1. What order, most packed first, do the peptides 216-224, 54-62 have when packing is the mean number of other Cβ atoms within 10 Å of each residue?
2. Taking H placed 1.01 Å from N in the peptide plane, check which residues at least 5 places from ALA246 or on another chain put their amide H under 5 Å from its amide H.
3. Leaving ligands, DNA and RNA out of it, report the carbon-plus-sulfur percent of the accessible area of the chain at a 1.4 Å probe.
4. I need to check one value: relative contact order of the chain, counting alpha carbon pairs closer than 8 Å and at least 6 residues apart, in percent.
5. Which of the lysines could be linked to LYS36 by a straight reach, that is with a Cα gap under 28 Å, when you skip same-chain ones fewer than 8 residues away?
6. Based on the Kirkwood radius over alpha-carbon pairs, what is the Stokes-Einstein translational diffusion coefficient of the range 167-248 at 25 °C with 0.890 mPa s viscosity, in µm²/s?
7. Give the lysines reachable from LYS140 as a straight Cα distance under 21 Å; neighbours fewer than 8 places away on the same chain don't count.
8. Ordering TYR24, TYR91 by how much accessible area each has at a 1.4 Å probe, largest first, what is the list?
Amino acid sequence: MTAPSTLSDNLLDRLNAMRQSGRYQRRDSIEWERIKRECEQLLRSAPADGWSALAMLHAAAGDVAQMERCFQNASLLDAHPAVLANRMAAYEHLGLFSEARAIFLKIGTPSSRDFAFAPQAGIEIGSFQSVLEFAAEAKKLGLPMNQDDLNAASEAAAILARAGVSDDDVARHLDAAGSVLRRAGMFSAKAADIYATYIPDIFSGVAMAVNVHCCEDELAALNAALAHEETARHINKNSVFDVVFAIA
C-alpha cells in the first residue's frame with residue numbers, strides 16, 4: 001500500500017505484515033488494539049491519513065464495511081490519488097476484484113486528474129487489456145513505462161481478446177475466488193501468479209494462481225469451494241482462462 005504522508009514506516013510495515021500473514025486479524029489482539037490507538041492519534045494531527053490507516057487496519061480484520069467507511073472519510077478530507085490507490089489495494093487483498101478494477105479504471109488512465117498509473121497494479125487484478133489501453137495513452141504523453149510489465153500484459157491480453165474474454169470477465173472470475181477466501185477468513189499471501197501460454201494450433205490460455213498460506217488439505221478444500229462458487233455464480237468455465245488457489 002502507498003504510505004500516507006504522515007504514516008511512519010514502522011506503522012505501515014506492521015499494517016502490511018498483518019495482511020501478509022494471510023489470515024484475518026483478531027480485533028481483541030494486543031497488536032490490533034495498539035495499532036488502532038496509534039491510528040486514532042494520527043486522526044488528531046492528520047485526519048485524512050488517520051482515516052486511511054484505520055481503513056487498512058479494518059481491512060486486515062476482514063471488515064469491508066468499516067474499511068469502506070474509513071476510506072470514504074479519508075476521501076472527503078483529501079482527494080489525493082494515493083487514497084484511491086490504497087482503497088484499490090485493499091479491495092484486491094480482500095478479494096473484491098471488480099471493485100478494485102472500478103478504481104483502476106479511474107486512476108489508471110493518464111487523462112484522469114486522479115492519475116496514479118502503475119501497470120503492475122492493473123496486471124495483478126487481471127485488467128490486462130485496460131493496462132495496454134492506458135499504456136498507449138501514456139506513451140502519447142511521453143510518460144515512462146516498464147516494458148516488462150507491458151510485455152506480460154500484452155501476452156495475456158492478446159490470448160484473452162482472441163477468445164472474447166474481457167477484463168470484466170476476469171474480475172468476476174477472481175471475485176469468486178475472493179468470496180471463498182473471505183468465508184475462510186484468509187487473504188492472498190502475495191499477488192497472483194500469471195501463466196500465459198500460446199502454442200499455435202495446440203493450446204492458448206491464461207491462468208491466475210491465487211497464492212495462499214495453507215496446507216495441502218486446506219488447498220484442496222479451497223479449490224473445491226471455488227468450483228462450487230463458480231457454479232453458483234454461473235461463471236463461464238473454459239480452457240482459455242482459469243483461476244486456481246496455490247500454496248505460496
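The values are calculated or read from the model by the stated rules, or taken from the named source; none is laboratory data. Not measured: the values here are computed from a predicted model. Glycine gets a Cβ as well: all are built from the backbone with ideal geometry, and neighbour counts include every protein chain shown. SASA here: full protein model, heavy atoms, side chains in, ligands and nucleic acids out. Shrake-Rupley method; radii C 1.70, N 1.55, O 1.52, S 1.80 Å.
1. My ranking of the peptides, most packed first, is 54-62, 216-224.
2. Residues meeting the amide H criterion: VAL210, ASN211, VAL212.
3. Solvent-exposed carbon and sulfur of the chain make up 53 percent of the total.
4. Taking the mean separation of contacting Cα pairs over the length of the chain, I get 17 percent.
5. Within the straight-line cut-off, LYS36 pairs with LYS190.
6. For these conditions, the coefficient is 187 µm²/s.
7. LYS106
8. Result of the area sort, largest leading: TYR24, TYR91.
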